[in-house]
Structures are given as C-alpha cells and as structure tokens.
1. Applying the selection to the range 119-131, what residues are in a loop (DSSP other than H, G, I, E, B) and open to solvent by 50 Å² or more (accessible area, probe 1.4 Å)?
2. Do you know which residues across the range 147-170 are open to solvent by 20 Å² or more (accessible area, probe 1.4 Å) and either within 17 Å of GLU258 (Cα to Cα) or of a type outside the set (Gly, Ala, Ser) (or both)?
3. Can you say whether ILE223 is crowded, with 19+ Cβ neighbours inside 10 Å, modelled with pLDDT of 85 or more and closer than 16 Å to ASP156 by Cβ, as far as the supplied structure shows?
4. Report whether or not THR33 is at pLDDT below 95 and hydroxyl-bearing (Ser, Thr, Tyr).
5. Would you mind telling me which numbered condition in (1) open to solvent by 50 Å² or more (accessible area, probe 1.4 Å); (2) farther than 30 Å from SER22 by Cβ; (3) in contact (Cβ under 8 Å) with a residue 24 or more places away in the chain; (4) not charged (D, E, K, R) GLY173 fails?
6. Restricting the search to the range 76-100, which residues are open to solvent by 50 Å² or more (accessible area, probe 1.4 Å) and part of a loop (DSSP other than H, G, I, E, B)?
7. Can you tell me which condition PRO57 does not meet? The list is (1) farther than 24 Å from ARG11 by Cα; (2) modelled with pLDDT of 95 or more, and all the others hold.
8. Among the residues of the range 51-71, is there at least one that is open to solvent by 10 Å² or more (accessible area, probe 1.4 Å), closer than 25 Å to CYS199 by Cβ and in contact (Cβ under 8 Å) with a residue 60 or more places away in the chain?
Amino acid sequence: MSTFPTARDVRTTPEGILWEPSPRWVRGRKGDTTVVDSRHPVLVWEPAVPVPTYAFPHDEVREDLLHPAKNPRIGKHTGSRVFYDLEIGGELVENAAWTYPADDLAGYIAFEWFRRVGRGLDHWYEEEEEIFIHPRDPHKRVDAIPSGRHVRVEIDGTVVADTRRPVLLFETGLPTRYYIPREDVRLDLFEPTGHSTGCPYKGTATYWSWRGEAGVSGVLANIVWSYPEPLPAVGAVTDLLAFYNEAVDIFVDGEIVERPVTPFTEAFSEQSPA
C-alpha cells in the first residue's frame, strides 16, 4: 500500500535546485526521431528560473545520439559542467542536453526545448498531448471563468473595449487577464500582426497592434492577443481578446486596475500610445 502525499513532494539540492518526480509519460522528438521516451521523469526548477524543465533517467534517453559537447556552456544551468551535442542524420545541435551537478540528479539528463531557446528537441508530449515551450508546472493553476463584471479598456483616454460579459483568466504568478468578446472591442483601431506565441497552458496566440484614430502603425506593438484554438482547459477564451494590463488602462466595475509590474512591463516601457 502506498500513501498518497498531501503536500508537494519537492526536494532541494545543496545547489538550490528544486526537483520532484513526475508521474507523466514524457516523450521528446527531434524531427521524426524519438530521443526521449520516459515513464520516470523528474521536474526540475533551477534558481531564479520561473518555469520547470524535465530531466530523464539515462536509460530512457537515446544516449547513442549524444556526444560530449565540443563547446560546452560551462556555468549554465546552475553550474553544470557536462554538456552534450545531439547528432541526428548529420545535423548537429550543440549543447542540446546536460547533466546537473547535484548528486541527487546524477542519474538524469535534461534537454533544451527548441521553441523556448531556439535549439534542442522540437516536439514534446505528455501522455498523448503535445506541449509547447516548457513543461507545465503541476503546482500552477490557470482558470478561465465567465463573469458579469463591467470591464472597460482605454488607451490614452480612448475607449477601445467595453463589455459586461468578459472571461477572467486567473493564472498563478500573473495578473488577472480580461478576455473580451470581439464585438465589444474597437478592432478598427488595431491591426493584426504576424506575431505569435505559444503557451503550455493555453495554446498559440495571435496578436494585434494599436494604430489609433490617425492610422499610425507600430505604436504599442502586439498589445492585444487572442487564442483562436486554445487548449481545452481554457476553452472559454476562444476568439476573445485580451490586453496587456501593463500598458493600458483597465477599469473593472468603475475602478481602475493598477498596472502590474511583470516580465512583460519592459517590452512596453519605450512605447507610447498615439
């Protein structure tokens, strides 16, 4: 008989790395080649890195495809000293994998995720579902809840959205995002861009930039986003539009929402509305 844990089963190494076993079946591929096929992965949180990565037992990794790195990134990943280049079909991916210096993790290998850092394995799966950018944190919640609140959005005094039927998205570690039906947004003041981002919790987002009444483009770039085909867990936001709280004025039930300071704040600090 096993006892089900009632709290986080997280361990801490002397190097400050947090890690815990994961019950998920995880696979990683480079092109058509499966490099990782693991039923015993661990989740690893490095100091000062807000998202986790996976590490895998050596015998669940295609080590025949790995070679000692020619130019190891010594010092990265909490002081790791052992790095591997990945070679598949004549293609070499430098520093695609590494081992952590922590004794607790000596039997594991971690991999870069291409869609996060531009190198590494390009397709990842938990069970039969593909995931993107980085592993999902099992201790993070993302809840999309329909609401009857009155939400108004302004840019430089111009009302660009006004609704009483928003969907509020609550995501651990981020400010509340207000998703608004398209009919309640002045989309004539925005123009679509080719920008897109991926999120392991929500899916792939498309973006619009503010161009204002005068038709000036490129001001407050990628300030609005939408998930046309979100993951099922947040299906309530399908095709709705959200604004960066960090760069616009949002009023909820008549009260202005204080602009939060997040990793996205700096991206808008040098932009100004028309």
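1. Just the residues of the range 119-131 that are in a loop (DSSP other than H, G, I, E, B), to begin with: 119-120, 122, 127-128.
Once the filter is applied, which keeps residues that are in a loop (DSSP other than H, G, I, E, B) and open to solvent by 50 Å² or more (accessible area, probe 1.4 Å), the range 119-131 yields ARG119, GLU127, GLU128.
2. Quick first cut of the range 147-170, residues open to solvent by 20 Å² or more (accessible area, probe 1.4 Å) only: 147-150, 152, 154, 156-159, 162, 164-165, 170.
Matches in the range 147-170: ARG149, HIS150, ARG152, GLU154, ASP156, GLY157, THR158, VAL159, ASP162, ARG164, ARG165, PHE170.
3. Numbers: crowded, with 19+ Cβ neighbours inside 10 Å: yes; modelled with pLDDT of 85 or more: yes; closer than 16 Å to ASP156 by Cβ: yes.
Yes; evaluated as a whole, the condition is true for this residue.
4. Working: at pLDDT below 95: no; hydroxyl-bearing (Ser, Thr, Tyr): yes.
No; evaluated as a whole, the condition is false for this residue.
5. Tallying (1) open to solvent by 50 Å² or more (accessible area, probe 1.4 Å); (2) farther than 30 Å from SER22 by Cβ; (3) in contact (Cβ under 8 Å) with a residue 24 or more places away in the chain; (4) not charged (D, E, K, R), GLY173 fails exactly one: (2).
6. Taking the range 76-100 and keeping what is open to solvent by 50 Å² or more (accessible area, probe 1.4 Å), we get 76, 81-82, 87, 89-92, 94.
Across the range 76-100, the qualifying residues are ARG81, GLY89, GLY90.
7. (1)
8. Taking the range 51-71 and keeping what is open to solvent by 10 Å² or more (accessible area, probe 1.4 Å), we get 51, 53, 57-71.
From the residues that got through so far, the ones that are closer than 25 Å to CYS199 by Cβ too are 51, 53.
Okay, now just the ones that are also in contact (Cβ under 8 Å) with a residue 60 or more places away in the chain, so 51, 53.
Within the range 51-71, one or more residues are open to solvent by 10 Å² or more (accessible area, probe 1.4 Å), closer than 25 Å to CYS199 by Cβ and in contact (Cβ under 8 Å) with a residue 60 or more places away in the chain.
The values are calculated or read from the model by the stated rules, or taken from the named source; none is laboratory data. Fair warning: this is a prediction, and the values are worked out from it, not measured in the lab. FYI the Cβ positions are ideal-geometry reconstructions off the backbone, even for glycines, and counts take in every protein chain you see. Note: accessible area is taken over every heavy atom of the protein model, side chains too, but ligands, DNA and RNA are not part of it. Shrake-Rupley method; radii C 1.70, N 1.55, O 1.52, S 1.80 Å.
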